[in-house]
Amino acid sequence: MSTATQSAPSAPAAAGVPQFDAVVIGAGVAGLYQTYRLREAGFSVQAYEAGSAVGGTWYWNRYPGARFDSEGEIYQYWFSKSMYANWKPSERFPAQPETEAWLNHVADQHDLRKHYRFSTKVTSAIYNEAGKFWTVTTDQGETVTARFFVSCAGMLSAPLENRFPGQDTFKGRIFHTARWPREEIDFAGKRVGVVGTGATGIQVIQTLAPKVGQITVFQRTPQYIIPMRNPKLDAADWQKQSDRFDYLRARVQTTFSGFEYDFENGAWHDKTPEERRAVYEHYWAYGSLALWLAAYAEVFFDETANDELSEFVREKMRARLNNDPYLCDKLIPKKSDYGFGTHRVPLESGYLETFLRPNVKLVDCRESAIERVVPNGVQMKNGTVHEVDILILATGFDAGTGALTRIDIRGRGGRSLKDDWGKDIRTAMGLGKHGYPNLFTTAAPLAPSAALCNMTTCLQQQVDWIADCLIALREKGVQEIEPTLEFEDAWVQHHDEIANMTLLTKTDSWYMGSNIEGKPRRLLSYCGGVGVYRGKCDEVAAKGYEGFAMS
Ligand code: NA7
């Protein structure tokens, strides 16, 4: 391994020796921890971050109402008990500013910023087969070489910004939620359009509706929702969580979705409708994703079970909408649309009641689709123009693949990751890809990720696996590692077998890549369970990285 210092020289490697042990992309939850783990293990690391500061998702998604849908006590790092005890956010589901501040605190406490080049995008990474290293180039004109290239670029970090023709003709300002500016935006009295009613759109709409002149919501697909119960918390509340640190750290690593809760209510078919209803009511009142990720596993693969819970949620939604026939028809998914939980279920706080306000207008994009943006608003296919002063695109991401396919990544023989994933989205456990030696990925396709996993749980597990792997390679004197094609084939087959048993693959959403025209269809997130996945990763490592070729 090299002994390079932390400041990045701009000259390429001399005599085939890479300058760094690893290049890491990203200063979010995963990137900060990956940099920490590698640095602590004695590796030289050059890290890059496109944003001007740390935070990743919590740097970019600073839109009004942004917060995570995981409970604060488990959206955590587990490598420092004292650090855990020090973070005392004010709510059960903390909002973006507190999370961003926390990640800044982590970076400061562990002196991580010095490893980063901020405001710097990696534009290409080319594998040098003879030298067994990566040459990485940035938009700031810097080129470095590193034995390993580790992506912590995020699963939901490539926003779909240019969604509609004519966006450049709009007279007002257009914001994508994941590229929200740092300055305060004055919404008072403004006519605001919001396109999209995913988890993000819902947070924006419910937050802005009371603050704007008028809000026009462009909805294509209605959402099942779960009301978030988000009490204020104080230091005494967090002390109770700190007392549970060891339990929580162990617990989240074994559950299906990396949350504290799990499917522990017995088999759906063994229970009476009344017993099941009591479970649904309990989780509805509990106000978290537990209704989805802890009630009954059968909801994911058994249509009868799914229908029952879907109808329970519809009934709750109807009551919240005062049984208003128009709003119920528009805002509540029908059985023929899709079933509860077959794509991301958003938590909300008064979202439905927002539509009872006089300043909120609902536009059904299924009746007439958005055709283009015009200077004064949004024009539908039927010719109607909805006038707005500010347009917010909550239109989502090129999930799973986008962060890496927007970089020119070349593996063996010059093969391109963009081309490969453009044909078929395959990985080896989401941690690497055949044809791309010494590339490691977190939050990549075919590993447990967003929503089907509490992200901090999955990301830390993947980061740890990668760091431990690099340590093992160093001990063995290995310079190159690559998943074999057979191993990748087996993983893809295993992934698909589980995915195809679920109802997730029958619903269109970013989970299946269907929010992007032409994107190959495959469930992006592994859904065999976080505990199962961890076991499989650990087994590969215990068997000396079985399934990986090394030299
Ligand atoms: P999502 O969940 O991908 O939502 C994007 C929304 O934008 C969704 O409601 C889309 O409707 C809508 N959309 C996209 N294109 C259009 C057009 N052309 N016309 C109308 N509506 C459109 O992104 P989010 O940012 O909300 O959430 C992503 C994840 O981040 C979330 O799941 C969490 O895990 C965190 P559609 O459903 O495609 O009909």
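The values are calculated or read from the model by the stated rules, or taken from the named source; none is laboratory data. Because the structure is a prediction, the values reported are computed rather than measured. With ideal geometry, Cβ positions are generated from the backbone for all residues, glycine too; neighbour counts draw on all protein chains shown. Heads up: the accessible areas ignore ligands, DNA and RNA and are worked out on the full protein's heavy atoms, side chains in. Shrake-Rupley method; radii C 1.70, N 1.55, O 1.52, S 1.80 Å.
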- In the list Glu497, Glu486, Glu539, which residue meets the criterion of being part of a helix (DSSP H, G or I), exposed (fewer than 13 other Cβ atoms within 10 Å of the Cβ) and touching a residue at least 24 places away in the same chain (Cβ under 8 Å)? Glu486
- Message: Take the conditions outside the structural domain of Ser310 (by TED's automatic domain parsing), polar (S, T, N, Q) and touching a residue at least 60 places away in the same chain (Cβ under 8 Å) and apply them to Thr137. Does it pass?
- Response: no
- Query: Being open to solvent by 30 Å² or more (accessible area, probe 1.4 Å), of a type in the set (Ser, Thr, Tyr) and in contact (Cβ under 8 Å) with a residue 40 or more places away in the chain, is that true of even one residue in the stretch 77-100?
  - Reply: yes
- Message: Which residue is nearest to the ligand (Cβ to nearest atom), if the candidates are limited to the stretch 139-156 and must be assigned to a strand (DSSP E or B) and open to solvent by less than 10 Å² (accessible area, probe 1.4 Å)?
- Response: Ser151
- Query: Do we find that Lys418 is modelled with pLDDT of 95 or more and away from the ligand (no atom under 16 Å from the Cβ) in this structure?
  - Reply: yes
- Any idea which of Ser288, Ser257, Ser310 is under 24 Å from Met512 (Cα atoms), open to solvent by less than 50 Å² (accessible area, probe 1.4 Å), at pLDDT 95 or above and in contact with a strand residue (DSSP E or B) (Cβ under 9 Å, 6 or more places away or on another chain)? Ser288
- Message: Suppose we keep only residues that are closer than 15 Å to Gly430 by Cα and among the hydrophobic types (A, V, I, L, M, F, W, C) within the stretch 500-536. Which one would you say is surrounded by the most Cβ atoms within 10 Å (Cβ to Cβ)?
- Response: Leu524
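Condition check ((1) farther than 21 Å from Thr502 by Cβ; (2) touching a helix residue (DSSP H, G or I) at 6+ places or on another chain (Cβ under 9 Å); (3) assigned by TED's automatic domain parsing to the domain that holds Phe68) across all residues:
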| site | (1), (2), (3) |
| --- | --- |
| Arg249 | yes, yes, no |
| Val252 | yes, yes, no |
| Asn265 | no, yes, no |
| His269 | no, yes, no |
| Glu274 | yes, no, no |
| Arg277 | yes, yes, no |
| Glu281 | yes, yes, no |
| Trp284 | yes, yes, no |
- Note on the structure: Expected single match for assigned by TED's automatic domain parsing to the domain that holds Tyr526, touching a strand residue (DSSP E or B) at 6+ places or on another chain (Cβ under 8 Å) and of a type in the set (A, V, I, L, M, F, W, C) among Leu504, Leu459, Leu485, Leu470 is Leu470
- Note on the structure: Taking the stretch 261-275 and keeping only residues that are part of a helix (DSSP H, G or I) and surrounded by 20 or more Cβ atoms within 10 Å (Cβ to Cβ), one is left with Trp268
- Taking the stretch 436-458, which residues are more than 11 Å from the ligand (Cβ to nearest atom) and part of a helix (DSSP H, G or I)? Thr456, Thr457, Cys458
- So the strands (runs of 3 or more DSSP E) completely within the stretch 312-420 holding 3 or more residues that are assigned by TED's automatic domain parsing to the domain that holds Arg147 are 408-410
- Verdict on Arg113 being more than 22 Å from the chain's Cα centre (by Cα), of a type in the set (Lys, Arg) and open to solvent by 60 Å² or more (accessible area, probe 1.4 Å): yes
- Message: Given the options Ala125, Ala107, name the one that is touching a residue at least 24 places away in the same chain (Cβ under 8 Å), in a helix (DSSP H, G or I) and in contact with a Leu (Cβ under 9 Å, 6 or more places away or on another chain).
- Response: Ala107
- Query: Can you find even one residue in the stretch 384-395 that is touching a Leu at 6+ places or on another chain (Cβ under 7 Å), over 21 Å from Thr35 (Cα atoms) and surrounded by 21 or more Cβ atoms within 10 Å (Cβ to Cβ)?
  - Reply: yes
- Only one of these conditions is not met by Thr427: (1) closer than 23 Å to Asn162 by Cα; (2) more than 16 Å from the ligand (Cβ to nearest atom). Which number is it? (1)
- Query: (1) within 19 Å of Ser70 (Cα to Cα); (2) open to solvent by 10 Å² or more (accessible area, probe 1.4 Å); (3) not in a loop (DSSP other than H, G, I, E, B): which one isn't true of Ala236, the others all being true?
  - Reply: (1)
